[in-house]
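Here is the structure we will look at, set down as structure tokens.
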Amino acid sequence: MAATDHLVIFDTTLRDGEQSPGATMNKNEKLRIAKVLEKLRVDVIEAGFAIASQGDFEAVKAIAETIKDSTVCSLARALDKDIDRAAEAIRPADSGRIHTFIATSPIHMKHKLQMEPDQVVEQAIRAVKRARSHTDDVEFSCEDAGRSELDFLCRIIEAAIDAGARTINIPDTVGYAIPEQFAETIRQLLNRIPNADKAIFSVHCHNDLGLAVANSLAAVTSGARQVECTINGLGERAGNASLEEIVMAVRTRQDLFNIDTRIDTQHIVPASRLVSTITGFPVQPNKAIVGANAFAHESGIHQDGVLKHRETYEIMRAQDVGWHTNSLVLGKHSGRNAFRTRLLELGIQFDTESELNEAFTRFKALADLKHEIFDEDLQAIASDTRQKDEEGRYGLVCMQVCSETGVVPKAHLTLTMDGKEHTVEAEGSGPVDATFKAIESLVDSGCNLQLYSVNNITSGTDAQGEVTVRLERGGRIVNGVGSDTDIIIASAKAYIEALNLIARGGIRQHPQVADV
């Protein structure tokens, strides 16, 4: 196995994480997250799947032009067109990687690729060599390695390393593996492949059985030296291994792991909040490391123990992962320069002065409603400002909602559609229902509401509410997010944002669709 002095953290929030239903991000949102990942000191940022769409290509290229301290990677199937497109996207990067893959399990080779094993090996060699013609940093993945035959894995990996791959990834693509068995697979590969010492072995585990983190850590104990993971465990189906859990498990249990990561853990919680805000996927309160209850103690016995000696019930310090380090930020008397400075510290930078002015106006309006403005509020303001700045077919001008005991709730809204104002109203079973029905009376979207979720951005009754609305139409799923101190207004914003995402359309190629 190639030497490395640390456990390489390969973050795929912007690629695999974006494959969560409704989690699609635009270029600016991806850039914001990439900057935070760089601040986290992530080794490799998988910025996207360049050939998926023009938007994906532009996002990967923009990240490659911006990020200086992390390697920027693009995924590519084992196809010439994919590899060349990925190479073009990462070309501006100070450090760029092409990550190419092909399926290796019998079920995938037979039913998806419709190829014989010999053909798959030939295709893999061709892909790695073509990628190496563009960059020295090439990663090769055996898709569905968790269900692949060990002898065939040894054969194709040896050939890929000979062709020039310097990182070999063993994905548990469908979350099928069990920790002890997966650890043994990694151990066998390292022992049986003659040229294994010329590559870093990596794992990419999915969470279908809730074992992604356990499988990844088991692989590390067997010699894997790169873990592919995402912020908050975001990813398609049940998600991926969670970056924060991998990093803190390795750091907390140095008695078992003889290697550590380079991650600056104080940025973990801010990164988690940003990804949650942008994608509209709330973090559950009991989520390890970044959940609201992760360092909360309700039991009297636990509280007493923590007060006497923290280590009685806490194995990590909350401030080490970013809790409580940025509590109070700004107030109503804070000026524009202080506002801009704090945004920059959070990795938020606007492209124009008009955007900054708009965000500052929103900040002042919020400060009149809330005594204390927290980082989470600033992130919500930034997202709200960018949503407004992007052209959308629909917009909210003003609204009035009546909700009274014994009276059917009614919503009266003024909306813009294609630049023209329209006034609509409707009744509903509640104020939110009435609001959504009023909007639909104008747009008649034909969408199905799959999720309506409300979360408080900070604590207190004056907190902003963050609403997530998930809509589905024709198999396409989008998440709209809106925030406001008034939950009904936040709900309207979220619904309208989701409608605008549906209206924009756009077709993206999925990386696991066979095209060989």
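The values are calculated or read from the model by the stated rules, or taken from the named source; none is laboratory data. Just so it is clear, the model here is predicted, and its values are computed rather than measured. So basically every Cβ, Gly included, is an ideal-geometry build from the backbone, and we count neighbours across all protein chains shown. Remember, those area values only see protein heavy atoms, side chains included, never the ligands or the DNA or RNA. Shrake-Rupley method; radii C 1.70, N 1.55, O 1.52, S 1.80 Å.
Let me have the 222 nm mean residue ellipticity of the chain computed from DSSP H runs of 4+ only, each contributing -39500 (n - 2.57), with the sum over all residues rounded to the nearest 500.
Per the formula, -12000 deg cm²/dmol.
Given the C-alpha centroids of the stretch 148-187 and the stretch 418-455, what is the distance between them in whole angstrom?
For the stretch 148-187 versus the stretch 418-455, the Cα centre distance is 49 Å.
For HIS6, HIS267, what's the largest-to-smallest order of accessible area, 1.4 Å probe?
HIS267, HIS6
What residues of the stretch 58-75 lie in the reach of a label at ARG41, counting those whose backbone N is under 14 Å from a point 7 Å from the Cα along Cα→Cβ?
Flagged as within label range: 69-70.
Using a Förster distance of 41 angstrom, determine the FRET efficiency expected from the C-beta separation of ARG262 and VAL513, and round it to 0.05. Don't jump to the answer; show the numbers that get you there.
Numbers: r = 34 Å, r/R0 = 0.84.
For R0 = 41 Å, the calculated efficiency reads 0.75.
So if I restrict to the alpha-carbon atoms in the chain, what is the Rg, and what is Dmax, the biggest pairwise distance, in Å?
When restricted to the Cα atoms of the chain, Rg and Dmax are 24.1, 78 Å.
Which residues does a label at MET417 reach in the stretch 485-502, if reach means a backbone N under 19 Å from a point 7 Å past the Cα toward the Cβ?
Counting only backbone N, you get 492-502.
Hey, which lysines would be in cross-link range of LYS370, C-alpha to C-alpha under 17 Å, not counting anything within fewer than 8 residues on its own chain?
The qualifying lysines are LYS332.
Taking every DSSP beta bridge with both residues inside the chain, roughly what % is antiparallel (nearest 5)?
50 percent
Using +1 on the beta carbon of Lys and Arg, -1 on that of Asp and Glu, and nothing else charged, what's the dipole of the chain about the Cα centre, debye to 20? Display every interim value, and only then the final one.
On the way: 55 positive and 75 negative charges, 95 e Å.
Computed about the Cα centre, the dipole is about 460 debye.
Under a crude label model (7 Å from the Cα following the beta-carbon direction), how far is GLN319 from SER445 in nanometres?
The modelled label-to-label distance comes out at 4.4 nm.
With only Lys, Arg, Asp and Glu charged, each at its Cβ (+1 for the first two, -1 for the last two), find how big the charge dipole of the stretch 428-516 is about the Cα centre; round to the nearest 20 debye.
With Lys and Arg at +1 and Asp and Glu at -1, about 320 debye.
Given a 1.4 Å probe and every protein chain left where it sits, what share in percent of the accessible area of the stretch 45-140 is carbon and sulfur?
That share works out to 43 percent.
Set the Förster distance to 45 Å, then compute FRET efficiency between ASP136 and SER453 from the Cβ-Cβ distance, nearest 0.05. Please list the in-between numbers first.
Details: r = 45 Å, r/R0 = 1.00.
Rounded to the nearest 0.05, the efficiency is 0.50.
Between ASN357 and SER53, what is the label-to-label distance in nm when each label sits 7 Å out along the Cα-to-Cβ direction?
Using points 7 Å along Cα→Cβ, the separation is 3.2 nm.
Carbon and sulfur atoms: what percent of the 1.4 Å accessible area of the stretch 334-463 do they account for?
Carbon plus sulfur share of accessible area: 47 percent.
Please give the FRET efficiency for GLU345 paired with ASP255, using the beta carbon to beta carbon distance and R0 = 35 Å, rounded to the nearest 0.05. Before the final figure, lay out the partial values.
Values: r = 35 Å, r/R0 = 1.00.
Once rounded, the FRET efficiency stands at 0.50.
What does the accessible area per residue of the stretch 334-474 come to in Å², with a 1.4 Å probe and no ligands, DNA or RNA counted?
Computed with neighbouring chains in place, this is 51 Å² per residue.
Going through the stretch 173-269, which chymotrypsin sites (Phe, Trp or Tyr not before Pro) have at most 16 other Cβ atoms within 10 Å and a DSSP loop state?
Answer in residue order: PHE257.
What size of dipole, in debye to the nearest 20, comes out for the stretch 392-461 about its Cα centre when the only charges are +1 on Lys and Arg C-beta atoms and -1 on Asp and Glu C-beta atoms?
In total the dipole reaches around 140 debye.
For the ranges 274-282, 79-87, 286-294, what's the packing order if you count other beta-carbon atoms within 10 Å of each residue, average per peptide, and put the highest first?
Sorting 274-282, 79-87, 286-294 by mean packing, highest first, produces 274-282, 79-87, 286-294.
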